[in-house]
């Protein structure tokens, strides 16, 4: 089967604390989410990160049972220190930062639901 037989359409995230997750992705990644009412005082959110469509829904709807993230994004960032500040001020945390001293720094960060994202410093 050819590599082009499949195309990634979107990434769905089942969020435990959806309001905190929306604020985090908007603050850290510059995402603008549109919200859609789905009844029972619930909403789903649609936006994009690095050109990829992201759909975030309450975990009550998605029914995902996971102790920790089952996906991981790896992104290259221009303003590494600024992004690290936004992670911390937006309800996320930094698990570890490796590299430096002339080589790109690589950080593993966690969003409010403890999903990990790896951020690579662009030199």
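The values are calculated or read from the model by the stated rules, or taken from the named source; none is laboratory data. These numbers were taken from a predicted model, which means no experiment stands behind them. When we count neighbours, we look across all protein chains shown, and the Cβ atoms used for this are built from the backbone with ideal geometry, even at glycine.
Here are a few things to note about the model shown:
- Against the conditions (1) modelled with pLDDT of 85 or more; (2) part of a strand (DSSP E or B); (3) under 29 Å from residue 9 (Cβ atoms), residue 94 satisfies every one except (3).
- Scanning the stretch 30-46 for residues that are without any contact (Cβ under 8 Å) to a residue 24 or more places away in the chain and either under 22 Å from residue 109 (Cα atoms) or touching a strand residue (DSSP E or B) at 6+ places or on another chain (Cβ under 7 Å) (or both) returns 30, 31, 32, 33, 34, 35, 36, 37, 38, 42, 44, 46.
- If you go through the stretch 75-91 and keep only what is under 21 Å from residue 15 (Cβ atoms) and at pLDDT 90 or above, you end up with 83, 86, 87, 88, 89, 90, 91.
- Pairs linking a residue in the stretch 49-61 that is at positive phi and assigned to a strand (DSSP E or B) to a residue that is surrounded by fewer than 19 Cβ atoms within 10 Å (Cβ to Cβ) and at pLDDT 90 or above, with Cβ atoms under 7 Å and 6 or more positions apart or on different chains, do not occur.
- Applying a threshold of 9 Å to beta carbon distances and a minimum spacing of six or more residues, or different chains, the list of pairs starting in the stretch 94-123 at a residue that is without any contact (Cβ under 8 Å) to a residue 12 or more places away in the chain and ending at one that is part of a loop (DSSP other than H, G, I, E, B) and crowded, with 16+ Cβ neighbours inside 10 Å is empty.
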